[in-house]
Structure formats: structure tokens, C-alpha cells
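Step one of this worksheet: look at the structure below.
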Amino acid sequence: MSLNGGNGYTNAALLVSALGFCYAIHKVLDGYLRTPSTVHALRGPDSPSWRLGNVPDVRAPFNNKTFQGWIETYGMTFATYGFFGAKHLVTADPKAMSFILSHPTEFSKPMRGLKGTRYLLGNGLLAAEGLEHKKQRKILNPAFNMSAIRDISPTLIQVSQQLVEAWKRELSCSNTPDAVKEFDITDWASKAALDIIGLAGFGYKFNSIEKQSDELAMSFIKLVGGISSFGFEDMVIILIPALRFLHTSRMRHRATIRRRVGAEIIAEKKAEVELLGTDDLLHSKDLLSILIRANMNENEAERLDDDTLLAETSTFILAGHETVATAMSWGLLALARAPAVQSRLRDELLAFPSDSPTMDELNAMPYLDNVVKEILRLTPPIPTTKRIIKTDAIIPLAFPVVGKDGKEIFELFVRRGDSVRLHNYASNTRKDLWGDDALEFRPERFEKLPEAVNEVPSVFAHLSTFASGPRGCIGWRLAVLEMQALLFTLIRTFQFDVVPGIEIIPRIGLALNPQVKGQESKGRQLPLRVSLYGI
């Protein structure tokens, strides 16, 4: 049997469907034998598909009238159907989200997702659980504190300026009289994010913007491309470990890349530490160098082994590249759709007297700060996050909801094995917090926020985008600074406009990537019209 042919795909799909059917029967029988959870008492939408349930609308909520209708009808907590008829809890209630995020042992990541992450990336921070996650987080923290991010801020500006020069060359070769050209923003944002994570993360020049990547850089580019194109074949093999003997040549190549390239970089950084010691002043400032020095300072029993360090390098690439590239793509689209916002932002940026602001100077630009916040509010790269309940629990609610019987529900009794999807996008677009225009792109809203935003569990700007608690995004400062640096250089230099006649829609993947409606087979893309400002 091979997954490379049509029959292989058909057989695999039938096997997945059969396992899903067995799982659904198990859940139904389990419901009769144990006290039902509140999930079954909650209102929610009907399922349009037994196989997919409401999953597409829950996971792709941007500009989704169906999903918005659910929020208005059922409130911030409701029940939806998942794959194969399973019932799931969905919530954007701040007290519920805070409770769940602060109890990672009782509300853990889905095992299928953890196994998939370990299979693709190794047992790094995204996949580790319990004490192992706590140990990794402690050693990684120095690489992501304010001082470390400040040290690498010149690198972010440097890469952003390289992108500007590359675009200028592209426009100078344009045959159009007004020097306007359509750029696929996702492609260029991906290149910029990869070059940034290469230099800031490992001290390595990928040169993907300049299209001069060597074999080592190409290995990383292929790794990122493989992760971004994660598809049905990968899902089948991850969900059904018995099928891993079908490990395709592409997936074997991906695993080989991760180990070979990561091992080379780690060996180089370790050699530097052994030569110079662990004094921070003598060393490179990239994130991996800081991580290895912090690891060497731990007692031997607490140190991360080489396999875990390898997993962290792959995790850096996935989280540091995919998230920022996705956010920047949606952000430039939002600015193209809002020319007045783009113009006001440009005025602020052009008033700055230098092309190379520091991190503190970027943070002191109020409208830039508000634009970044608004982009991350309206288009979080990861719009939802799922948790599995490990033990029966009672989840508190800040906002009671009306159940199927018409009575108010003030707290949720959930059972071991239930699942809950924390909806970051729904939390970020609550009309009671963000106003009746919560679905509109309006950065000015951050100039004066209601006190109620303080109830939202958050590490940044009262947004759910980066989550919170022990598993909150460790790299949020870097992500925000990358966006500030890229917007600073791009908006000062270029005008962005939408391409008439096309519609951009979200594509569900590891992050919520944009694609062109009617051109879904081409994968992620976001064409915008780009021209030099003032010409």
C-alpha cells in the first residue's frame, strides 16, 4: 500500500473514516454510562456535515458571517460539532479562558497534536508537557527576555531594509508606466521572516530575500515549506502510527534536514561556549547562543540534551517564521483596504529622523504600536487553541449563558475526555469590550480602552492572540518587534493597494494563511499592488 497513488489515498481515507465512526460510537456509549457534562446542555449550531461538523467555521472565523451569527445567538460559550459527530465546547469567556490556561495539567494539549508536533519537530517547547515543559521554559526564558530582544533589534531593521531594496529592484524592472507591480505578500513575508529567524535565532544568513541561499539555507527553506504544506498524507500518518512504515521520501527528507542542519548549528554554538566560557559579553547575541549558554549554566541533571536542543531549533523556525509571516500578510492587506490608516501611519513613520530606529524608539511610536495591536487583534495567526480535559472539573464563567432548557448556566461541569476550544478571535472581537465596530480595522480604538479589557487573560495589549499562563507564547516580544520593524521600513517606502477583482479568504493550516478564492489549488498567496510612495 502506498500513499503516493489514488488507491492509497482512498484506502487511507476509508481507514480514517472507520476509526472516526468507532470513536463516535465510543463517545455515545460513554455518555450513557457517566454523568453528562454541561457541554450537552449548551446551545449551539446544527452540524452541516457528520464528517467535518462545524470545524471549518470554528477554525476560520475571519469575515465569517456564520461564525459571527453563533456569537450573537449563543453568547461567548456554546457547543459545536467536531469531526464525526463529537460535541465540543467553544468559549471566549475571559474567566473560563483564564481558568483553563492557568491549569495546563488539567487542560492539556490534544495528544494527537502533541504526537504530530513531536513527529515533525521533536520534543521541543511546543510538544513538551508537565515538568519537561517547565524545565525547557526556564532555560529558554533568557533568550526571550526584554534585554535579549533589544540586542537583536538592529538585525530586524537590517533584514527589513534588505526587503525594501529587493522590492525597489523589482519595481525598477517593472514594465508598467507607473511602476506598480503585484507582489505575492505571503511569499515575500515568508522570505523576510526566514531571514530574520536565521540571523536573530541562529546567527546564520539564509539570504532568501536575495535569492542567494546556499545548501544549508535551502535545507531550512525546504523544512519551512514542508511544514507550511502540511496536508492529508501527513495527517493520516500522524493520526495512525501503524501507518508510519509508509513514511514518504518527502517526510524522510524533512526529518533528515532537521537533524543534519540543526546539529551543525548547535555544534558551532557549543564550540563557541567551550572556547569563550559562558560570559554573555563575549558571545553572539542570537537566541540559540543565549539558550546554549543558559543550558550550560544549569546543573547537569537539568540540562537539555542534544535531541531537545535540535527540537528547539525546529520550533524556533516554525513559531518564529510561520506566525510572523502570516500576521504580516494579513496586516498589509488590512492597510491596503484602509488607505486613511496607511496614510496616517506613514506620516508618523516619515517624521522619524532616521532609517534605523532602536527597539525603544519603535515602541515610542504610538500609531505604529496601535496598528500592530489592531492587526494582531483582528487576524491572530492562531485563531483558536484546543485543550483536552484530563480530569472532571468545574469551569467558572464571567458571563452566564442560556442553556437548551432556557435556564441560565453560571458554570460548566466538564468531564475527563471532553474537549474545549478557546477562541482567541472571538475574544479579540467582543463587542462589549471593543465596541460595536469590533469587526472593523480601526487602530484608534487602542487610544482609549474600557477598564473591562483587564479581565482578558493576556501577555500583550489585552489580546488573546498570544494566550497566557504557563503555556503562553514565549516569543511574543520578538513577534511584535518584527512586525514593528517590517512595517516601519515598508510603509515609509511603499504604497499598498488591493488588487481589484479578487477575494482573499483564510486557509486552515498550522497558521491561518491567506489564499485567493477560486485559486485554492495554488495554496497560500496574497497579491497586493505595490508602488514607491510619492511617485
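The values are calculated or read from the model by the stated rules, or taken from the named source; none is laboratory data. Being a predicted model, the structure only gives us computed values, none of them experimental. These area figures cover heavy atoms from the full protein model, side chains too; ligands, DNA and RNA do not enter into them. Shrake-Rupley method; radii C 1.70, N 1.55, O 1.52, S 1.80 Å.
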- Message: As a test question: what accessible area, to the nearest 10 Å², does Ser458 have when a 1.4 Å probe is rolled over all protein chains in place?
- Response: 40 Å²
- Message: Rounded to two decimals, what is the ratio between the C-alpha radius of gyration of segment 402-497 and 2.2 N^0.38 Å?
- Response: 1.44
- Message: Under the 0.36 nm per residue contour assumption, what length would be gained going from the current alpha-carbon distance of Lys205 and Val402 to full extension?
- Response: 65.4 nm
- Query: Once phi is turned into θ = phi - 60°, what whole-Hz ³J(HN,Hα) does the Karplus curve with 6.51, -1.76 and 1.60 give for every residue of segment 407-423, x standing for Gly and Pro?
  - Reply: 8, 6, 10, 9, 7, 10, 8, 10, 9, 3, x, 5, 10, 9, 10, 7, 9
- Query: By accessible area of protein heavy atoms, probe 1.4 Å, what ranking do Cys173, Cys473 get, highest first?
  - Reply: Cys173, Cys473
- Of Lys134/Lys448; Lys386/Lys522; Lys135/Lys285, pairs whose Cα-Cα distance is over 25 Å: Lys134/Lys448; Lys386/Lys522
- Task: Provide the per residue accessible area, probe 1.4 Å, for segment 431-481, rounded to a whole number of square angstrom.
- Result: 45 Å²
- Query: So what is the accessible area of segment 32-189 per residue, in Å², with the probe set to 1.4 Å?
  - Reply: 46 Å²
- Item | Gain on full stretching of the segment that runs from Lys65 to Asp355 - 0.36 nm per residue minus C-alpha separation | 100.2 nm
- Excluding ligands, DNA and RNA, what is the solvent-accessible area per residue of segment 360-405 at a probe of 1.4 Å, expressed in Å²? 36 Å²
